[in-house]
1. Condition first: buried (at least 18 other Cβ atoms within 10 Å of the Cβ) and not β-branched (Val, Ile, Thr). Can you find one or more residues in the stretch 330-341 that meet it?
2. Within the bounds of the stretch 76-89, is there any residue that is in the same structural domain as Gly149 (by TED's automatic domain parsing), small (Gly, Ala, Ser), at negative phi and out of contact with any Lys or Arg (no Cβ under 6 Å at 6 or more places or on another chain)?
3. Among the numbered criteria (1) among the hydrophobic types (A, V, I, L, M, F, W, C); (2) free of Cβ contacts under 8 Å to residues at least 60 places away in the same chain; (3) in contact with a helix residue (DSSP H, G or I) (Cβ under 7 Å, 6 or more places away or on another chain), which one does Ala386 miss?
4. Here is a check on your reading of the model: is Glu101 acidic (Asp, Glu), assigned by TED's automatic domain parsing to the domain that holds Gly182 and in contact with a Leu (Cβ under 8 Å, 6 or more places away or on another chain)?
5. What do you reckon, is Arg219 more than 26 Å from Arg45 (Cβ to Cβ), more than 25 Å from the chain's Cα centre (by Cα) and free of Cβ contacts under 8 Å to residues at least 12 places away in the same chain?
6. Here is a list of conditions, (1) of a type outside the set (Gly, Ala, Ser); (2) in the same structural domain as Gly562 (by TED's automatic domain parsing); (3) modelled with pLDDT under 95, and Arg451 meets all of them except one; can you say which number that is?
Amino acid sequence: MTSSRFALGATDFLLDGAPHRILSGALHYFRVHPDHWADRIEKARLLGLNTIETYVPWNDHEPVPGAWTADGALDLARFLDLVQAAGMHAIVRPGPYICAEYDNGGLPAWLFTDPEVGIRRFEPRFMAAVESYLRRVYDIVAPRQIDAGGAVILVQIENEYGAYGSDRQYLRALVDITRDAGITVPLTTVDQPEPEMLENGSLPDLLKTGSFGSRSPERLATLRAHQPTGPLMSSEYWNGWFDFWGGEHHVTSAEAQARDLDALLATGASVNLYMFHGGTNFGFTNGANDKGVYEPTVTSYDYDAPLDEAGNPTPKYFAFREVLAKYTDVPSGRLDRGESDLPTPAVRSIGAIGLLEALEHLGSWRGTGTTPATFDEIGHFRGLMALRTALPGNATTLRVGEVRDRATLFVDGVLVGVLDRASGDRAQELPAGRVLTVVVEDQGRVNYERRIGEPKGLIGPVELDGHDAEWEALALDVAHLGDLPVTADADPAAAGVHRFEFDLDEAADLQLDTSGLGKGAAFVNGFALGRYWSVGPQHTLYVPGPATRAGANELVILDLAGPEFLPSFAPRADLGPVVRDTLSVQGA
């Protein structure tokens, strides 16, 4: 491998001493099936980009303390090696906080179970956990730096820290850990181009970069005012936006966004498109926002990016390619625009099992005393849990301090109501019965501002009209839903686990039509596609081709409300009705 030197000049990045402009695109390996990584990287190269940027999600790599994983879909080393094999550079942003509309902003929920841990500040317990995490990441990144013959040219310290805090001792400790772990490439920070954020979120020896999606020359001028020398860069150029359940699909004008990108590049600045390819919040990995109203992010992270969720070039891709051709040599290459309809195989039902019966196969009940346990107290940090207690026999009312985030209530197996966080529901009248079972869904942990890390579940006080309840809790393990003993005569419209089969001539990308389903999650051949919900905006789930196979395939849905119709497949994605003025939605 041939090594090079990457450095900061007075006005430019320097590659082996020569001025170099970074033309980067964000591509999160953890949001893309690993068998698609090479394809997405190649399409970035054909766009005219020379660099791939990715976050690193601590909560995925270390879901419980000490249980580190970095293989399969989390094989960061393989991802960076593929970037290098494509002749491109890489930017790594390990956080520890990443935001990214990702569950808990990428921070492990287990960090917050100790109330003494000082998140995102110089506090010994937090710093010990952070150092352990960062050193594991840098064990992967350090030998893949450009001066060691690898692809990595920049590493970011923290993420938009100026919007959260101003602890310079914390930032300095992150820099010290990073350098001590063998990271030699330039270090950066990113903040929105607001004076206070730029001041609080960085250190004098770090390169400040900006996050914004419009009025680029103005934002870069603000950045320059706070950093008189060094390269100018928007390391998060927001060329689209994300969606939340119950909202609409956000889209920006390809023409307007291309004009603004042109204006950015005309200043001589470098750029990282956020996102080049958004991908998918597979499984239960989506985050949420709460600025007075809780808004969980949808499964699709399409982001109206140049490559859509399924990896197809969009009109924005070709508009950006024309702009980039003014500033760099764009490679030639044939691009499939993804205009063909996808296969729509027929779905046949195998059977179902009711939700409460399924619980007995998905975990073990354990007593938690007179207070119902939270997700965090039982060490279950994503997805679903169940609670149950004996009822006094007569009609009563359940009252809770707060629901995080949605609770489906059953009395003696009969669905009697739903408490929803976004609606502010706090009480539900219950009919006479013997057993109350509550299935609680963590719909995504808040990923921005101060509500990061809050516990999930029924948050106290939890009362049953003065009845002294003894509660049990069960963590739902959804890894083997396909093994449940379904029966053909089970109610096809009831809440529960429903199994189906479909046939393919060969493995292929698909779009699962969820418009007839209620609320839940879907799995193909054991691969967790993600959540669906009838409130929209999205009414399809992307099925990556590598998750399918020639011949018979299994589809499993875990529906908390009961499907109205059988699932089917759609020829194209349906991400919902469109909001087109996202540039104003982006604000800063």
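The values are calculated or read from the model by the stated rules, or taken from the named source; none is laboratory data. These figures come from a predicted structure and were not determined experimentally. Neighbour counts are summed over all protein chains in view; Cβ atoms, including those assigned to glycine, are modelled from backbone coordinates with ideal geometry.
1. no
2. Checked against the condition, which is being in the same structural domain as Gly149 (by TED's automatic domain parsing), small (Gly, Ala, Ser), at negative phi and out of contact with any Lys or Arg (no Cβ under 6 Å at 6 or more places or on another chain), the stretch 76-89 yields at least one hit.
3. For Ala386, the failing item is (2).
4. no
5. Taking the combined requirement at face value, the residue does not satisfy it.
6. (2)
Residue-by-condition table, conditions (1) closer than 22 Å to Tyr448 by Cα; (2) touching a Cys at 6+ places or on another chain (Cβ under 6 Å); (3) small (Gly, Ala, Ser):
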{"site": "Ser166", "(1), (2), (3)": "yes, no, yes"}
{"site": "Ala173", "(1), (2), (3)": "no, no, yes"}
{"site": "Thr188", "(1), (2), (3)": "yes, no, no"}
{"site": "Glu194", "(1), (2), (3)": "yes, no, no"}
{"site": "Leu207", "(1), (2), (3)": "no, no, no"}
{"site": "Glu218", "(1), (2), (3)": "no, no, no"}
{"site": "Leu223", "(1), (2), (3)": "no, no, no"}
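Yes/no per residue for (1) in contact with a His (Cβ under 8 Å, 6 or more places away or on another chain); (2) surrounded by 21 or more Cβ atoms within 10 Å (Cβ to Cβ):
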{"position": "Asp35", "(1), (2)": "no, no"}
{"position": "Ile41", "(1), (2)": "no, yes"}
{"position": "Gly48", "(1), (2)": "no, no"}
{"position": "Val64", "(1), (2)": "no, no"}
{"position": "Trp68", "(1), (2)": "yes, no"}
{"position": "Leu74", "(1), (2)": "yes, no"}
{"position": "Arg78", "(1), (2)": "no, no"}
{"position": "Pro96", "(1), (2)": "no, yes"}
